[in-house]
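Quick notes on the structure that follows.
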Amino acid sequence: MITALTKTAFIQTCWQRWLSRRLPASSSITLAHKSIFILPTGFGLFWLFIVVLLFLFGTNYQNNLVIGLSLLLLSVFNTCIIYSYRNLAGMSLEAKTGPYVYAGESVIFPVELSATQHQYQVTLGYPQNLPQTIAHVDRQKLLTLLSFKNEQRGWVTPGRLKVESRYPLGLCRAWSNVDLANPQIVFAKPIASEPVLTQQLNQDDPSSTDRGRAIVGVEEFQHLKPYIQGESLNQVAWKQLAQGRGMLTKAFSQPASEPQWLVLDPNNLEIEKQLSQLTWAVNQLDQSGQIFGLILPNQTLAPNHGQQHRVDCLKAIATYPNLNRMQAHG
């Protein structure tokens, strides 16, 4: 026996498949007749009921004034259909990259809006999230930030974005369901703890707190700093001097000792807790300027430091065990 829930799921699946064929995923979409749907609102259906009632009343009593009023109201309704369509037609939506967030925080999906003509009272929202109303859209590009509730780590796909307008009188609802193909990475929620560290190469001083810390040296370029009288001219940044940026010298660094390693124990059943602890450890080591590497059962990141290395490590932790894991919503 087919239950009502099964029927609803089947209809929803067919609807999504049809939308995928008619409105394929794209990071930039311009709304047109193929992607805009229009139906009367509840107020619009009541309006049509009044039109029919007035027309029947006028024909029954042969009252031309009442018949004319019903036809006038019907023409207003037809005009609203056209204006509802024009209020969305030509609008362009482009997905942008949002800020990095952790599991449990709202994911921000930036969407850039623009239109070939003035458009008013446009509402945007993802399923099961509060919609946001834009009062006015024109040729000037407008960046709107859409929040999305999320508790999971990994890749998060918000689903189809509903773009809706009931302009001008609320008689018709024009809308579109677009897929902006904008999955975003969500890092594991950090939990403060002692990091899981192993000194794989040099065990001479395992208690040292300076392992992996960068000190002044000659191995790796760090940054440019103002020239100090007496410093070697070999370190002068001559290219920058020629560009008129003043006398600068190149600063280099090298690790004080062997780098630290963050290691995930696959035999530990508390995998999610370990991943959260590793996330916290990555942030702590990055803030202290230390050089560290990451070892996961399916991936190893060589020791390094800097913002890009931090992001790479957090991405690897967030997507463990499947590097291409996608968490779908909506």
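Taken together, the residues in region 176-209 that are over 30 Å from residue 85 (Cα atoms), at pLDDT 90 or above and not β-branched (Val, Ile, Thr) amount to 5. The set of residues from region 109-119 being surrounded by fewer than 15 Cβ atoms within 10 Å (Cβ to Cβ) and part of a strand (DSSP E or B) comprises just one member, 112. Any residue that is modelled with pLDDT of 90 or more and over 17 Å from the mean Cα position of the chain (by Cα) - is there at least one of those in region 142-163? Checking region 142-163: not a single residue is modelled with pLDDT of 90 or more and over 17 Å from the mean Cα position of the chain (by Cα). Please determine whether any residue of region 306-319 is more than 22 Å from residue 104 (Cα to Cα), part of a loop (DSSP other than H, G, I, E, B) and at pLDDT below 90. Within region 306-319 (the criterion being more than 22 Å from residue 104 (Cα to Cα), part of a loop (DSSP other than H, G, I, E, B) and at pLDDT below 90), the answer is yes, since at least one residue qualifies.
With respect to (1) open to solvent by 60 Å² or more (accessible area, probe 1.4 Å); (2) modelled with pLDDT of 60 or more, the lone exception for residue 173 is condition (1).
Inside region 286-314, residues that are among the polar types (S, T, N, Q) and in contact (Cβ under 8 Å) with a residue 24 or more places away in the chain make up a count of 4. Taking residues in region 94-119 that are within 13 Å of residue 183 (Cα to Cα) and without any contact (Cβ under 8 Å) to a residue 60 or more places away in the chain, and partners anywhere that are assigned to a loop (DSSP other than H, G, I, E, B) and β-branched (Val, Ile, Thr), the pairs with Cβ atoms closer than 9 Å and at least 6 places apart or on different chains are 110/97.
Is at least one residue of region 150-162 part of a loop (DSSP other than H, G, I, E, B), closer than 19 Å to residue 178 by Cβ and either free of Cβ contacts under 8 Å to residues at least 60 places away in the same chain or hydrophobic (A, V, I, L, M, F, W, C) (or both)? Checked region 150-162: no residue is part of a loop (DSSP other than H, G, I, E, B), closer than 19 Å to residue 178 by Cβ and either free of Cβ contacts under 8 Å to residues at least 60 places away in the same chain or hydrophobic (A, V, I, L, M, F, W, C) (or both).
The criterion of being more than 23 Å from residue 117 (Cβ to Cβ), charged (D, E, K, R), modelled with pLDDT under 90 and open to solvent by 30 Å² or more (accessible area, probe 1.4 Å) holds for residue 7.
The residues of region 275-303 that are surrounded by 22 or more Cβ atoms within 10 Å (Cβ to Cβ) and farther than 9 Å from residue 190 by Cα, listed by number, are 282, 285, 291, 292, 294. Checking each residue in region 242-274 for being at pLDDT 75 or above, open to solvent by 50 Å² or more (accessible area, probe 1.4 Å) and assigned to a helix (DSSP H, G or I) picks out 272, 273. If the condition is being open to solvent by less than 60 Å² (accessible area, probe 1.4 Å) and either among the hydrophobic types (A, V, I, L, M, F, W, C) or in contact with a Pro (Cβ under 6 Å, 6 or more places away or on another chain) (or both), then region 63-77 contributes 66, 67, 73, 76, 77. The helices (runs of 4 or more DSSP H) located wholly in region 1-98 that include 1 or more residues which are closer than 29 Å to residue 143 by Cα and of a type in the set (S, T, N, Q) occupy 4-22, 64-86. Can you pull out the residues in region 38-62 that are over 40 Å from the mean Cα position of the chain (by Cα) and either open to solvent by 60 Å² or more (accessible area, probe 1.4 Å) or of a type in the set (Lys, Arg) (or both)? Listed by number, the residues that qualify are 49, 52, 53, 55, 56, 57, 59, 60, 61, 62.
The values are calculated or read from the model by the stated rules, or taken from the named source; none is laboratory data. Source: prediction; values computed, not measured. Neighbour counts run over all protein chains shown; Cβ positions are idealised from the backbone, glycine included. Please note that ligands, DNA and RNA were not included when accessible areas were found on the heavy atoms of the full protein model with its side chains. Shrake-Rupley method; radii C 1.70, N 1.55, O 1.52, S 1.80 Å.
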